[in-house]
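Data block below; observations after.
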Amino acid sequence: MITAINKIRANRPQPILTAIEIIPYKNRMDPREAIEALLAGFNVLIIDFYSTGLNVLQALKRIIEENQPDQSFNAQQRSRRLYQELSNRLLLLIRNHRLIVRKAPEIGWFKILYPELDEFLLPFPQVQGLNSAWQWYENGIAMPGLDRKIHPYYGTYFPTRFEHLKLFDKWLIQYKGEKKSALDIGIGCGVLTFQMLKHGFEKICGTDSNPNAIISVNEDLKKNNLLSKIDLFHGDLFADCDLKTELIVFNPPWIPASHSIEGLDKAIYYDEDLYPRFFAEATKHLDADGRLVILFSNLAQITKSSLTHPIQIELANGGRFKKELFLQKKVGSASKKTKRNQNWRESEFVELWVLKSVNTIKS
């Protein structure tokens with residue numbers, strides 16, 4: 001059964017509604033006072049200017065970086081997790097769907113996501129995320145290979161690097177198979193689906209465990225009169241979609257999880273059972289002569305996050321699929337504006353794997 005959009009409840013940053021002990025903070029105070037309070041486990045409330053909170057977060061980030069000289073990929077991940085833990089104790093008050101600090105941005109998500117609440121607190125980084133998401137939603141994001149922008153709903157993953165999209169578009173151009181249907185597993189903002197529609201696919205089934213992604217794609221379909229082209233299913237991997245098709249597309253997370261993953265982290269990190277479950281379920285949905293296309297990267301291997309490659313493991317031990325095609329594309333250099341050490345990008349390639357059932361590959 002296709003997921004009923006009106007029954008889906010969007011994920012949102014958890015509002016703080018109960019009375020909690022807070023330490024008020026103003027711009028004229030030393031940022032170290034706020035940081036010491038955060039380190040001691042207290043909650044700090046910004047009470048004057050929005051920029052005051054930005055200054056505290058900037059100082060917090062600087063202190064963490066100064067105490068973490070190791071610039072390896074894994075060390076940077078640990079620093080980000082510490083920053084996330086501490087920064088989420090820095091709070092802002094929302095009343096009548098507006099921030100109660102001066103010179104604050106207008107964020108439409110407060111009214112959309114919290115219609116029933118008149119007053120609540122949110123962590124400052126969550127407000128930053130809502131603000132950025134509102135700008136992307138309002139203004140749209142241009143994607144390579146598409147002739148229009150995508151407007152992602154709050155909490156929906158969308159790519160910020162495009163080499164894998166270009167690789168997929170290159171493959172779609174030379175694809176000679178049937179185009180009656182396709183399955184997009186983990187549809188996200190819908191970019192792969194919209195690429196397939198552009199290249200002539202008649203019907204696509206999209207799934208995602210994130211309710212916000214289903215809402216997001218549904219809104220984009222409405223705007224572009226494409227609702228009849230796509231069926232959306234909310235759930236894990238193949239969800240309740242019973243389609244058997246000639247093409248299954250999967251753009252999964254590329255890095256094995258070393259910590260508990262929630263929210264958008266699920267689009268970046270994967271649990272150890274994700275790929276075995278995916279390949280087992282894919283056999284039930286793929287036509288005899290169908291293809292499985294997976295977009296991946298060597299990022300985990302070159303950053304030492306993992307010594308194994310889940311697709312190579314399946315090909316070597318799974319007994320279900322064989323490789324028909326393998327494409328690579330070098331990623332671009334890191335932005336000169338970034339302060340993080342991303343030297344590993346010199347060795348990073350995105351990958352496109354095309355697999356077929358072992359029963360249809362001729363020796």
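The values are calculated or read from the model by the stated rules, or taken from the named source; none is laboratory data. Please read these numbers as outputs of a predicted model, since none were measured by experiment. Virtual Cβ from ideal backbone geometry, glycine too; neighbours counted across all protein chains shown.
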**Asked** Taking into account only those residues within the stretch 1-20 that are polar (S, T, N, Q) and assigned to a loop (DSSP other than H, G, I, E, B), which is surrounded by the most Cβ atoms within 10 Å (Cβ to Cβ)?
**Response** T3
**Prompt:** I187: modelled with pLDDT under 95 and buried (at least 16 other Cβ atoms within 10 Å of the Cβ), yes or no?
**Reply:** no
**Where W136 falls short, out of the listed (1) modelled with pLDDT of 95 or more; (2) part of a helix (DSSP H, G or I); (3) closer than 27 Å to I23 by Cβ** = (3)
**Item:** Single match in L165, L183 (criterion: within 25 Å of A239 (Cα to Cα), assigned by TED's automatic domain parsing to the domain that holds N251 and out of contact with any strand residue (DSSP E or B) (no Cβ under 7 Å at 6 or more places or on another chain))
**Value:** L165
**Request:** Looking only at the stretch 242-252, decide whether some residue is aromatic (F, W, Y), under 20 Å from the mean Cα position of the chain (by Cα) and modelled with pLDDT under 95.
**Result:** no
**Prompt:** Within the stretch 110-143, how many residues turn out to be of a type outside the set (G, A, S), surrounded by fewer than 18 Cβ atoms within 10 Å (Cβ to Cβ) and farther than 20 Å from G53 by Cβ?
**Reply:** 9
